[in-house]
Amino acid sequence: MTIVANVLMIAGLFFIAVSTYALLVMPDVYTRAHAVAKSETLGLLLLFLGVFLRPEMELTAYGRLALLLIISLIANPTAVHALLRAAYRSGALPWTTVDQAQADRELERYRS
Amino acid sequence: MNAFLIGCLLVLAGLIALGLYRVWAGPTVFDRLVAVALVSVNGVIVLVLLGLVFERPDLFFDIALGFALLAFLLPITLGRFFERDGTSASEREGDGQPASPAPDAGQEPT
């Protein structure tokens, strides 16, 4: 059982590492937040499922971990969505492959 | 399996440090808020794994719950705050419109 838990936790860490890498490499706020909202929530789910099967868990801890999992699954994509909506309404322009110099000029208007 | 948990904690600490680079170098404030959301979720996972390492999972899961709720509220609130050029409601005259070159999709008035 601990082997299955360890495998699930390693898979969860892999997806969180993918989302952190995407946060560093992606060219635009929309793509970065997309990677954070989806891949990190999946990594969190896999990692908490692995934590469920660990032998150090007590009986009172299962309910709290389930509550933590449900709250994180609902709250993280919602928070990132609200953030991206605010970014869109502040005039953040998505990254395009056409005329990067024009896009850089338009980036100056909302650079803060 | 304590060495495995400590290995996971070290990997997560490295990922938090990498996420902090985007907090420093994000060209807009929304990039920084997205990176703060990622660092906060990584912090929740660190707290959960610390609960396993110290073998007091009920205490550390309570702390993780509190931190997860705060991490949920922070990007939403600051996103709405910075959407209006960083001014609060008491400083404006109360029209509540978003910042000017906004391609407004015609949703609800604020």
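Just checking, which of B:LEU15, B:LEU59, B:LEU49 is touching a Ser or Thr at 6+ places or on another chain (Cβ under 7 Å) and modelled with pLDDT of 90 or more?
Within the list B:LEU15, B:LEU59, B:LEU49, the selection yields B:LEU15.
Taking each residue of the range A:18-40 that is at the interface with another protein chain (Cβ under 7 Å from one of its Cβ atoms) and looking for partners that are outside any helix (DSSP H, G or I) and among the β-branched types (Val, Ile, Thr) with beta-carbon atoms closer than 7 Å, six or more apart or interchain, yields A:VAL29/B:THR28.
Every test in (1) outside any helix (DSSP H, G or I); (2) within 23 Å of B:GLU55 (Cα to Cα); (3) of a type outside the set (D, E, K, R) is passed by B:PRO27 save one, and that test is (2). Set side by side, the residues A:LEU42, A:LEU23, A:LEU65 differ, and just one is under 14 Å from the mean Cα position of the chain (by Cα) and more than 18 Å from B:PRO75 (Cβ to Cβ), which is A:LEU42.
So that you can scan it fast, the table gives a plain yes or no per residue for (1) aliphatic (A, V, I, L, M); (2) under 26 Å from A:LEU93 (Cα atoms); (3) more than 9 Å from chain A (Cβ to nearest Cβ); (4) surrounded by fewer than 24 Cβ atoms within 10 Å (Cβ to Cβ):
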| site | (1), (2), (3), (4) |
| --- | --- |
| B:ASP31 | no, yes, no, yes |
| B:VAL34 | yes, yes, no, no |
| B:LEU38 | yes, yes, no, no |
| B:LEU47 | yes, no, yes, yes |
| B:GLU55 | no, no, no, yes |
| B:ASP62 | no, no, no, yes |
| B:GLY66 | no, no, yes, yes |
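Sub-7 Å Cβ pairs linking a first residue in the range B:17-40 that is basic (Lys, Arg) to a second residue that is surrounded by 16 or more Cβ atoms within 10 Å (Cβ to Cβ) and not in a helix (DSSP H, G or I), at least 6 apart or interchain, are B:ARG32/B:GLY26, ordered by first then second residue. Screening A:ILE3 on (1) at the interface with chain B (Cβ under 9 Å from one of its Cβ atoms); (2) more than 17 Å from B:ASN42 (Cα to Cα) shows it passes everything except condition (1). The lone criterion from (1) farther than 23 Å from A:MET26 by Cα; (2) part of a helix (DSSP H, G or I) left unmet by B:LEU33 is number (1). Scanning the range A:76-112 for residues that are touching a helix residue (DSSP H, G or I) at 6+ places or on another chain (Cβ under 9 Å), of a type in the set (A, V, I, L, M), in a helix (DSSP H, G or I) and surrounded by fewer than 20 Cβ atoms within 10 Å (Cβ to Cβ) yields a single hit, A:ALA82. For A:ALA11, the criteria (1) in contact (Cβ under 8 Å) with a residue 12 or more places away in the chain; (2) facing another protein chain (nearest Cβ under 10 Å) hold in every case but one, which is (2). If you check B:ALA35, B:ALA102, B:ALA64, B:ALA71 for being aliphatic (A, V, I, L, M), touching a Lys or Arg at 6+ places or on another chain (Cβ under 6 Å) and either within 23 Å of A:SER39 (Cβ to Cβ) or modelled with pLDDT of 90 or more (or both), only one passes: B:ALA35. Scanning the range B:1-16 for residues being closer than 23 Å to A:MET57 by Cα and either in contact (Cβ under 8 Å) with a residue 12 or more places away in the chain or not aliphatic (A, V, I, L, M) (or both) gives a total of 9.
The values are calculated or read from the model by the stated rules, or taken from the named source; none is laboratory data. Keep in mind that this is a model prediction, so the values were computed, not measured. Cβ sites come from the backbone with ideal geometry, for glycine too, and all protein chains shown count toward neighbours.
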